[in-house]
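Below is one structure, written out as structure tokens; comments come after it.
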Amino acid sequence: MLVRFGYEDIALIAAKQAFQSLSQPLRHIPAFLYIVQRTADWEIQNNLTDRLRDAYLSGQSQEVIEEPRDHLLWCGDLGTNILVAKKWSEHRLPLPSDTLTYRHNPISGRRLRLGYLSSDFREHPTSRLIHGLLRHHDHDRFELFMYCSGWDDGSALRKDIESHFDHIHSVSEFDDQTAAKLINSHNIDVLVELNGPTRANRMGILGFRPAPVQIGYLGFPGSVGGRIVDYIVADDYTVTDGQEKLYPEKLIRIPHTYQVNDYMALKPLPKLTRKQIDLPEGDILILGMFNAIDKIHAEVWRAWMRILKAVPNAMLWTLNVGQTTLQHVAAAAIAEGIDPNRIIIAPSMPQEEHLARIQGCDLMLDPWPYGGHTTTSDALFAGVPVITLEGTNFAGRVSGGLLRAAGLELLVQPNQETYIAKAIELLRNPFELSRIKQHLRSTAMYSPVFDAVGRTNDLEAAYLLAFDKAEKGIAPEHIFIGESATARSIPVYKSLPISNLNRLNHSVSCIGEKLQEEKINDIEAFIISWEGQHEKAQFISMELQSILNKVSIIYSDPDPNFSLDVQCTQIKRPNELFWGDKFKACIDTFSEKLLLIIHADCICEDWPGLAKKCLDTFNYHSQVAVWSPKIEGTPYDVRVTTVAQIEQTTLSIVTNTDGIVFCLNKQIVERMKKADFSENIYGWGIDIMFSAHALTIDKLVVVDNSISIRHSTSTGYSKILANDQCNLFLKQLSTTERVQYFLSDAYVNLRRNAFREVAKFS
């Protein structure tokens, strides 16, 4: 208790004295080890875990009852993990002599009654994860019951969690039997326990069998000892093929990752400078480690110190773990020849602020044998790569599973030496690290890692299957949920063949002769960039150079000596404002059949695929004059003028695009060359102008819903200024063009108003 309330120094001294005076008995090692793990006294920790390991190997562990989570912090052997979980369950959860019976109600014609039991329905990592499942449950098929064994902390998350349940009950003041009777009285079909064998669990309730199907999920990574749950939820990476034979429970395996991550419900993260988050500026690389200190031990620490030693300009950024623990950590750094001043301490802060600040990391380091779980998904959401070991048990493989689901399998390393070597390689190669970050920004939000809807569908299917077996009197069996027809594909990151890892000299010649032969001649691409976006512009240019002959970057930067470090055409503009002047540079330079323009701050999972798709659109549909992908996160939606789509495609006719990513044919470009850009410093109205012209030449402006581009939510957006700029630019249209555009715009607004009226009655 002293440790948990921050008195580590007193706790450690008292525990050492007590353990010594009791002659260091085996049965008291778990309690002493808990204190040592929390205070980073790794020398004592090694001695204690060596004794426990010997006891398990020699079959002399009868006196030892370890808490399953504390055990996982030091032991990666799955067989021993399950042995410990079974012993804990038998010791802590004695089964009652009489269990409850379930009043059988056939599922036909009603919703499945689904209960969730947890102490963590509050501001807590479990709730942040489970929120995505609760938000997306199908209430036409499932009736949701909340059983809270903790407390209401009054947080916004608690209120949001409650809003997704049909029924809310507190069982925190009930004993296990009374709580079980309450749950049983509600005729719950499937009860999902979210704590597992953690310190605040109420798993004893499940011993009374209040529901015909009982599932352990999310709160604990691994077996909970069987006996009181029928199933635990995993995926095919966290529990590898064949390992299910070791588990006392049956497994529910869902695709990609067992975690439900709901970061899509959060606001976009603000971009912070290193100065704003108290990180050193300049040529400093930041290695993040935001797991709890009890996951670290001497072996892990030595590996990280080797990385720091090999990369002198790297620093380790970690959580504040208390003065006594920090002193132990600093001493361990000195012992490995590392200045403790290279360790930066991060204060505690609310979750959303924490997510924003960790964007300042260059690379996250994952510990072992118990790796990161929510810390890894936090990092991926913030666009920060994580390097991890390919673990040997459930707890050690969660990070690897998340990285694989994000297409970053190359960051999952087979052993410590390759882990260290890969971290050093990436830190010495900032461009490769930048490409990985761009991959995360471009694809992670659209990968299975953050597909809360997909994971919800998978779990709902598993719940129904499990209950169907129970309803038919079939004993629990392993359940495997395969890929659905609408499952998201995983864009896999692949390293480029870089001859000099420290420079961008791997231009078109390094891509390969085959791709050079397949280069597209008809499209000329221009990437518009400004200060703060040049790294992304360079990445997009390298991606497009694999298939396009002509790629240019048009950029502005306040530094007169700045130039891009990439081998493509570069056009510098002094104008630091938006893209009117830069657009003029595009159309003045353009010489091919189709003009592709891309804003550097866009996110796309497949830039070459986007270029090929827009070329196909123009080739197959002669009526198209302006093309744009579906744009998300922009100030105003693309306006659809007709319900009908172009036959047998996902293309929709629109009156204008948001000028973020689009392709113009040569006829439109020639028309735009006649416009005056001198007054249009922001670029508002340009897309409306070429849309209006397309309508007058009997061509279509289309948005392609088969490709989704994400754009960060615009800041500093002024509708008044935008309208002024648009009106100024629209004056340059001919009378015919203006009439055609406004008729089309009026038609769109009429349709929208009509749909709103219909919606009121439907």
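The values are calculated or read from the model by the stated rules, or taken from the named source; none is laboratory data. The structure displayed is predicted, hence computed values, not measured ones. Cβ placement follows ideal geometry from the backbone for every residue including glycine, while neighbour counts extend to all protein chains displayed. Each accessible area value is taken on the protein alone, full model and side chains, heavy atoms only, with ligands, DNA and RNA left out. Shrake-Rupley method; radii C 1.70, N 1.55, O 1.52, S 1.80 Å.
Tell me yes or no: at least one residue of the range 31-47 is among the charged types (D, E, K, R), touching a Ser or Thr at 6+ places or on another chain (Cβ under 6 Å) and either part of a loop (DSSP other than H, G, I, E, B) or exposed (fewer than 14 other Cβ atoms within 10 Å of the Cβ) (or both). No, the conditions are met nowhere in the range 31-47. Looking only at the range 241-257, residues that are open to solvent by 10 Å² or more (accessible area, probe 1.4 Å) and either touching a residue at least 12 places away in the same chain (Cβ under 8 Å) or aliphatic (A, V, I, L, M) (or both) come to 9 in all. Among the residues making up the range 539-554, a single one is modelled with pLDDT of 90 or more and either part of a loop (DSSP other than H, G, I, E, B) or farther than 21 Å from Leu615 by Cα (or both): Ile554.
The residue of the range 49-84 that is most open to solvent (accessible area, probe 1.4 Å), among those that are without any contact (Cβ under 8 Å) to a residue 12 or more places away in the chain and assigned to a helix (DSSP H, G or I), is Leu57.
Of the residues that make up the range 740-762, is at least one modelled with pLDDT of 85 or more and surrounded by 15 or more Cβ atoms within 10 Å (Cβ to Cβ)? If you could, list the steps in order and put the result at the bottom.
To start, the set of residues in the range 740-762 that are modelled with pLDDT of 85 or more comprises none.
Checked the range 740-762: no residue is modelled with pLDDT of 85 or more and surrounded by 15 or more Cβ atoms within 10 Å (Cβ to Cβ).
Within the range 107-136, the set of residues being touching a strand residue (DSSP E or B) at 6+ places or on another chain (Cβ under 6 Å) and assigned to a loop (DSSP other than H, G, I, E, B) comprises Arg111, Phe121.
The set of residues from the range 94-152 being surrounded by fewer than 16 Cβ atoms within 10 Å (Cβ to Cβ) and either on the phi > 0 side of the Ramachandran plot or among the basic types (Lys, Arg) (or both) comprises Arg103, Gly109, Arg110, Arg111, Arg141. Beta carbons closer than 7 Å, at least 6 apart along the sequence or on distinct chains, pair a first residue in the range 32-47 that is under 18 Å from Leu2 (Cα atoms) with a second that is part of a helix (DSSP H, G or I) and open to solvent by 30 Å² or more (accessible area, probe 1.4 Å) for Val36/Ile44; Thr39/His328; Ala40/His328; Asp41/His328. When restricted to residues that are modelled with pLDDT under 85 and not in a loop (DSSP other than H, G, I, E, B), the range 604-615 contains 0.
Do we have any residue at all in the range 462-472 that's touching a strand residue (DSSP E or B) at 6+ places or on another chain (Cβ under 6 Å), more than 24 Å from Lys271 (Cα to Cα), in a loop (DSSP other than H, G, I, E, B) and free of Cβ contacts under 8 Å to residues at least 60 places away in the same chain? Even if it seems obvious, please write down each step before you answer.
First, the residues of the range 462-472 that are touching a strand residue (DSSP E or B) at 6+ places or on another chain (Cβ under 6 Å): 462-463, 465-467, 470.
So of that shortlist, the ones also more than 24 Å from Lys271 (Cα to Cα) come out as 462-463, 465-467, 470.
When the remaining residues are screened for being in a loop (DSSP other than H, G, I, E, B), the result is none.
No.
Of the strands (runs of 3 or more DSSP E) lying entirely inside the range 187-260, those containing at least 2 residues that are at pLDDT 95 or above, over 21 Å from Cys148 (Cα atoms) and touching a strand residue (DSSP E or B) at 6+ places or on another chain (Cβ under 8 Å) span 231-235, 250-254.
Inside the range 288-326, residues that are assigned to a loop (DSSP other than H, G, I, E, B), touching a residue at least 60 places away in the same chain (Cβ under 8 Å) and under 25 Å from the mean Cα position of the chain (by Cα) make up a count of 3. For the range 339-356, which residues satisfy the criterion of being in contact (Cβ under 8 Å) with a residue 40 or more places away in the chain and closer than 19 Å to Thr325 by Cα? Within the range 339-356, Ile344, Ala346 qualify. Taking strands (runs of 3 or more DSSP E) as the structural unit, those lying wholly within the range 330-417 and holding at least 1 residues that are within 29 Å of Met264 (Cβ to Cβ) and in contact with a His (Cβ under 9 Å, 6 or more places away or on another chain) correspond to 343-346.
Considering Leu440, Leu433, Leu459, the condition of being open to solvent by less than 20 Å² (accessible area, probe 1.4 Å), within 19 Å of Leu402 (Cα to Cα), in contact with a Gly (Cβ under 6 Å, 6 or more places away or on another chain) and part of a helix (DSSP H, G or I) is satisfied by Leu440 alone.
Just wondering, is there one or more residues in the range 644-667 that are touching a helix residue (DSSP H, G or I) at 6+ places or on another chain (Cβ under 7 Å) and basic (Lys, Arg)? No, the range 644-667 has no match at all. Among the residues of the range 582-599, is there at least one that is of a type in the set (Asp, Glu), touching a Gly at 6+ places or on another chain (Cβ under 9 Å) and either assigned to a loop (DSSP other than H, G, I, E, B) or buried (at least 21 other Cβ atoms within 10 Å of the Cβ) (or both)? No: the range 582-599 contains no residue that is of a type in the set (Asp, Glu), touching a Gly at 6+ places or on another chain (Cβ under 9 Å) and either assigned to a loop (DSSP other than H, G, I, E, B) or buried (at least 21 other Cβ atoms within 10 Å of the Cβ) (or both).
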